[in-house]
Amino acid sequence: MSARALIVGGARSGSGKTSVAIGLMRALRRRGLAVRGAKSGPDYIDPGFHAAATGAPGVNLDSWAMPPALLDALATEQARADLLVIESAMGLFDGIAAADGRTGAAADLARRWGVPVALVLDVSGQSQTVAAIARGFAAHDPGVRIAGVILNQVASARHEAMCRAAIEALGLPVVGAVPRNPDMGLPERHLGLVQAREHAGLEIFIERLADVMEAALDLDALLGLAAPLAPEAVGAGATPRPPGQRIAIADDAAFSFLYPHLARAWRAAGAELLPFSPLADEAPDDACDACWLPGGYPELHAGRLAAAGGFRAGLRRFAETRPVHGECGGFMVLGRALEDADGVTHEMAGLLDHVTSFARRRMNLGYRRARLLADCPIGRAGERVRGHEFHYARVIEPGSDAPLAELADGLGQPIGPSGARRAWVSGAFFHAIAID
């Protein structure tokens, strides 16, 4: 089975893409279709909502961080369905100034695979002017086809009619009009949406979104817009290798930012992933030969983690003989202490020497290139890895450990040494996505 595909894009963040995409996925699943979702860019939260809406794993498709061969392989795997809905990050053309096809924008995917775009436009505070915006999107890049427009935040039948007429005069079909509905909003926090696993009444919420989209969208027209997706399936060797044969993975509300493509690739390579919950005071399974602490929200649970004596003691024993790696939130927990939003300092694992603070915030956001300075669970010394950072916490005491990597931004501008390593333990704010 190979899917037809459609990109749900927008002019900006907050235009309603996620609500439309989730509701559309579930509405089409109700019809008995096998639907899968994907998210352009490095977002690690939306794939969880896609999985909840479709009943199938989500994935990231990141044209900057992933080499073309890996993109094709992941898209081929995700296309084992009737329809693949790809949700754009930010605006459709938003990326960085990089080589053609590797900007990180969803437009790269549309151009690479010929996937048409259903453009979600928030029409609040405007009417016929929306046609100028739609015209600009349709003409901006001849390699990106805007196949239809979905109006969002429509105030009334008259408002819809004015917007619809102006856009359809351009020859662009309007395939849906979603009314203003404050109940459609997804709860957010400092790194984006509240995770699907934490959303109270998630299934009820997704069903309600599907009800809205069934009433607001022309589902048959949207299915008609979708085009066959047939990327060249080639080897996906750019994914970082499994750090062990049996990998203990911290997995709970504090540690959950593990990219789906990494877990999928590690399992395909024969590794076994054994989850454990630090918040439940669980330690990594002693049968494992590596431990991975993903990113997440340890700053929201610092008191519980400090009180989890069994977790911290077990992690320390594990680290005496086997590799332990922490990304972002995991890196924070591997340090000596973490200062929460209220300025209270909590003891952490102490396997690395740094102290981090969420009280003294500074946003760090962007693509990163890392050159590893030592062997670690991400890769071997000298290897170059692409990924990103997105965090508000900062290191307030760097400690005495050696750095893990030399970082540059997405444009190749040097940032300097980053992360820390000591004996079997390593960590950094950097999230690894693919081998460069």
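Assorted remarks:
- Scan of the stretch 61-97 for residues that are among the polar types (S, T, N, Q) and open to solvent by less than 10 Å² (accessible area, probe 1.4 Å), ordered by number: Ser63, Gln78, Ser88
- If you go through the stretch 211-242 and keep only what is open to solvent by less than 30 Å² (accessible area, probe 1.4 Å) and under 22 Å from the mean Cα position of the chain (by Cα), you end up with Leu229, Pro231, Ala238, Thr239, Pro240.
- Residues that are in contact with an Asp or Glu (Cβ under 9 Å, 6 or more places away or on another chain), open to solvent by 30 Å² or more (accessible area, probe 1.4 Å) and of a type outside the set (Gly, Ala, Ser) within the stretch 286-320 comprise Leu300, His301, Arg304, Arg317, listed in sequence order.
- Counted residues, the stretch 120-173 - those being in contact with a strand residue (DSSP E or B) (Cβ under 8 Å, 6 or more places away or on another chain), part of a helix (DSSP H, G or I) and surrounded by 15 or more Cβ atoms within 10 Å (Cβ to Cβ): 9
- Between Gly416, Gly330, Gly382, the distinction of being at pLDDT 95 or above and part of a loop (DSSP other than H, G, I, E, B) belongs to Gly382 only.
- In the stretch 274-285, of all residues being farther than 20 Å from Ile45 by Cβ and open to solvent by less than 20 Å² (accessible area, probe 1.4 Å), the one that is farthest from the chain's Cα centre (by Cα) corresponds to Pro284.
- The C-beta contact set for the stretch 1-27 (first residue over 24 Å from Ala138 (Cβ atoms), second residue of a type in the set (A, V, I, L, M) and part of a loop (DSSP other than H, G, I, E, B), distance under 7 angstrom, 6+ apart or interchain) comprises Met1/Ala81; Ser2/Ala79; Ser2/Leu229; Ser2/Ala230; Ala3/Ala79; Ala3/Ala81; Ala3/Leu229.
- Among the residues examined, Asp342 does not qualify as open to solvent by less than 60 Å² (accessible area, probe 1.4 Å), of a type in the set (D, E, K, R), in a loop (DSSP other than H, G, I, E, B) and on the phi < 0 side of the Ramachandran plot.
- Test: Arg267 is basic (Lys, Arg), closer than 25 Å to Ala51 by Cα and either part of a loop (DSSP other than H, G, I, E, B) or open to solvent by 30 Å² or more (accessible area, probe 1.4 Å) (or both): yes
- Pairing residues of the stretch 283-306 that are under 12 Å from Glu347 (Cα atoms) and without any contact (Cβ under 8 Å) to a residue 12 or more places away in the chain with residues that are outside any strand (DSSP E or B) and open to solvent by 10 Å² or more (accessible area, probe 1.4 Å), at Cβ distances under 9 Å and at least 6 apart in sequence or on separate chains, gives no pairs at all.
- Some residue of the stretch 40-52 being at pLDDT below 95 and among the charged types (D, E, K, R): yes
- In the stretch 347-366, the residues that are in a strand (DSSP E or B), in contact (Cβ under 8 Å) with a residue 40 or more places away in the chain and either open to solvent by less than 30 Å² (accessible area, probe 1.4 Å) or of a type in the set (D, E, K, R) (or both): Glu347, Val355, Thr356, Gly366
- Candidates Arg29, Arg36, Arg12 - the one that is in a loop (DSSP other than H, G, I, E, B), out of contact with any Lys or Arg (no Cβ under 6 Å at 6 or more places or on another chain) and open to solvent by 30 Å² or more (accessible area, probe 1.4 Å): Arg12
- Checking each residue in the stretch 282-307 for being aliphatic (A, V, I, L, M) and within 28 Å of Ala359 (Cβ to Cβ) picks out Leu293, Leu300, Ala302, Leu305, Ala306, Ala307.
- Verdict on Ala374 being under 18 Å from Ala405 (Cβ atoms), modelled with pLDDT of 95 or more and surrounded by fewer than 22 Cβ atoms within 10 Å (Cβ to Cβ): yes
- Restricting the first member to the stretch 130-156 and to residues that are under 21 Å from Ala227 (Cα atoms), and the second to residues that are at pLDDT 95 or above and basic (Lys, Arg), the beta-carbon pairs closer than 8 Å and six or more apart or on different chains are Asp141/Arg111; Gly143/Arg111; Val144/Arg111.
- Residue count for the stretch 41-60, restricted to those that are of a type in the set (Asp, Glu) and open to solvent by less than 30 Å² (accessible area, probe 1.4 Å): 1.
The values are calculated or read from the model by the stated rules, or taken from the named source; none is laboratory data. Nothing here was measured: the structure is a model prediction, and the numbers come from that model. Virtual Cβ from ideal backbone geometry, glycine too; neighbours counted across all protein chains shown. Keep in mind that these areas ignore ligands, DNA and RNA; they rest on the heavy atoms of the full protein, side chains included. Shrake-Rupley method; radii C 1.70, N 1.55, O 1.52, S 1.80 Å.
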